[in-house]
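Bear in mind that the values in this text are calculations on the coordinates, not laboratory data. Predicted model only: the values in this text are computed from it and were never measured. All Cβ positions, glycine included, derive from the backbone under ideal geometry; neighbour counts span all protein chains shown.
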Amino acid sequence: MTTEAPTHLPDGRPIPLMTGGERPMLESWLDFHRATLELKCAGLEDAQLRLASAEPSGLTLLGLVQHLAECERNWFQRVVGGLDVPPVFGEGNETGYGLEPGRGVGEALVAWRREIARGREVCAGRGLESVGRIQGGAMAGVEVTLRWVLIHMIEEYARHNGHADILRECIDGVTGA
């Protein structure tokens, strides 16, 4: 007899697939890490999300959300899709870490969710062996598969969720997730 696994954790995050095909498993892990980032920001005010709470680092939770919106755009639209799209938060803020006084977490989360949705559209119908080309930097022109991009994005979120853990704990003592 097998027990059906729950689909979500008590905090609302989706549980990554434990069995099944490679692509659904990779996508479920990426969705888990996306939800973890959002959970790390939940319940905080704009000023708290702008706080570089783990000195000497200048990282902020709002900056991480913006950075990951840029990562979503870069890897899925530019690399996988081959699209020529500008930075999400404007020229001069290609990393997303720069904070603007007039742009709060609401706007940043909307942009981040929009980039996730667009990335899903770009990837729909493409196989894991589908090849894209890195657009800039030291690796410009190098070909990568969609599989590689998904694994890289899981790694990118996992690393930054570790940063988010520390930032959140320094802000209000909340740990876990």
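Observations on the model:
- Close amide-amide hydrogen proximity is noted between residue 17 and 28, 29, each under 5 Å apart and 5 or more residues distant or on a separate chain (H modeled in the peptide plane; Pro and chain starts excluded).
- Hz values of 3J(HN,Hα) by residue in the stretch 72-85 - Karplus curve (6.51, -1.76, 1.60), Gly and Pro given as x: 4, 5, 4, 6, 8, 7, 6, 6, 5, x, x, 8, 9, 10
- Electrostatic bookkeeping for residue 147 treats Lys and Arg as +1 and Asp and Glu as -1; over the other residues with beta carbon under 9 Å from its beta carbon, the sum is -1.
- Residue (of 93, 116, 105) at the positive-pole extreme of the stretch 70-143, dipole from beta-carbon charges: 116
- Dividing the convex hull volume of the alpha-carbon atoms in the stretch 41-132 by its residue count gives 114 Å³ per residue.
- Over 19 Å [Cα-Cα, the stretch 100-177], rounded percent: 59
- The calculated Kirkwood hydrodynamic radius for the stretch 2-57 is 13.5 Å, given to one decimal from all distinct C-alpha pairs.
- The chain: calculated mean residue ellipticity at 222 nm from DSSP helix runs of at least 4, using -39500 (n - 2.57): -15500 deg cm²/dmol
- Part-to-part distance (alpha-carbon centres) for the stretch 36-76 and the stretch 132-174, which is given in Å: 13
- Peptide ranges 131-141, 104-114, 62-72 listed from the most packed, as the mean C-beta count within 10 angstrom indicates: 62-72, 104-114, 131-141
- Those GluC sites (Glu not before Pro) in the stretch 125-177 that DSSP places in a loop and that have at most 10 other beta carbons within 10 Å: 129
- Identified option (computed Cα extents along the principal axes in Å; candidates [x] 53, 42, 26; [y] 64, 37, 28; [z] 45, 45, 22): [x]
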